[in-house]
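Written below as structure tokens is the structure these notes are about.
The values are calculated or read from the model by the stated rules, or taken from the named source; none is laboratory data. Note that the coordinates shown come from a computational prediction; the quantities given were computed from them, not determined experimentally. Cβ placement follows ideal geometry from the backbone for every residue including glycine, while neighbour counts extend to all protein chains displayed. Each accessible area value is taken on the protein alone, full model and side chains, heavy atoms only, with ligands, DNA and RNA left out. Shrake-Rupley method; radii C 1.70, N 1.55, O 1.52, S 1.80 Å.
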Amino acid sequence: MKAVILVEPEIPQNTGSIARLAHNYDYQIRIVNPEFNLEKARKTAKNGQEKLRNAKIYDTVKEAVEDLEYVAGTKPGKGTGLKQFTPRKNTSIMIGRESSGLSNKELEMCDTVIHIETKKYNSLNQSHATAVIMHNLVETEEKGLNLDKKEYISSIVDSKILERLILRANPSESEANQLIGEIKDKFDQS
């Protein structure tokens, strides 16, 4: 399952437009503490009305991401450029507040951080940025790790830093299987 997580959205029109995008690109909508009644977003949702009706509301970012397999947080100028990012079919997107984006604490709950390369001003309107990211992800997605495989990797790696690096890289299924084999070989030799 892939979702778009909106953290404390402030402008109903953007949320409505994102619901429309979620419909077109087949994303679930998760919203953390919206600043408005979702009814106000209906005008711009158009064909995304059902996605907006079925949006899940969360009190915390942690709750919103805990069952997702791979989450890419967004921050202008930070992390991997969208052109260099290799998404998987299970990649969810976390979008921050219109006024201030995502906090560092919220970004830490993501598996990776991405940004859209721009020529001048490095920040885009929330719904426009979501459109660019969703389109790019659909064009380039590959099969990624499922949650069971991620948990297994976490259980065999004895270093939190190494675990985080491996999971942030979002290896393909075959890459993960090779890595698991090599890790097991190292432990068997010691």
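Close amide H contacts of Tyr58 (hydrogens built in the peptide plane, cut-off under 5 Å, sequence separation of 5 or more or a different chain): Ile31, Val32, Asn33. Relative to the longest principal axis of the Cα atoms of the chain, helix 12-25 runs at roughly 50 degrees. For the stretch 29-118, a crude dipole built from +1 on the beta carbon of Lys and Arg and -1 on the beta carbon of Asp and Glu, taken about the Cα centre, is about 420 debye to the nearest 20.
Surface composition of the stretch 38-190: carbon plus sulfur atoms hold 50% of the accessible area, using a 1.4 angstrom probe and ignoring ligands, DNA and RNA.
Between Ile5, Pro34, Tyr58, the Cα set farthest toward the positive side of the dipole of the chain (charges on each charged residue's Cβ, about the Cα centre) is that of Pro34. Rolling a 1.4 Å probe over the protein chains gives Asp111 an accessible area of about 20 Å².
Put simply, the convex hull of the Cα atoms in the chain casts, on average, a shadow of 11.0 nm². Of Glu10, Glu151, the residue with the largest accessible area leads and the full order is Glu151, Glu10 (1.4 Å probe).
Each Lys and Arg contributes +1 and each Asp and Glu -1, all at the Cβ; summed about the Cα centre of the chain, the dipole is approximately 800 debye. Axis angle, to the nearest 10 degrees, between helix 160-169 and the longest C-alpha principal axis of the chain: 60 degrees. Most simply put, the chain has about 5% antiparallel DSSP beta bridges, counting only bridges with both residues inside it. In the chain, the calculated helix contribution to ellipticity at 222 nm averages -13000 deg cm²/dmol per residue, counting -39,500 (n - 2.57) for every DSSP H run with n ≥ 4.
Taking the chain as the reference, fit the longest principal axis to its C-alpha atoms, fit the long axis of helix 173-189 to the helix C-alpha atoms, and give the angle between the two in degrees, 0 to 90, nearest 10. Approximately 30 degrees, to the nearest 10. Pairs of C-alpha atoms in the stretch 1-113 farther apart than 18 Å represent 46 percent of all such pairs.
Accessible area of Lys89 (1.4 Å probe, protein heavy atoms only, ligands and nucleic acids ignored): about 130 Å².
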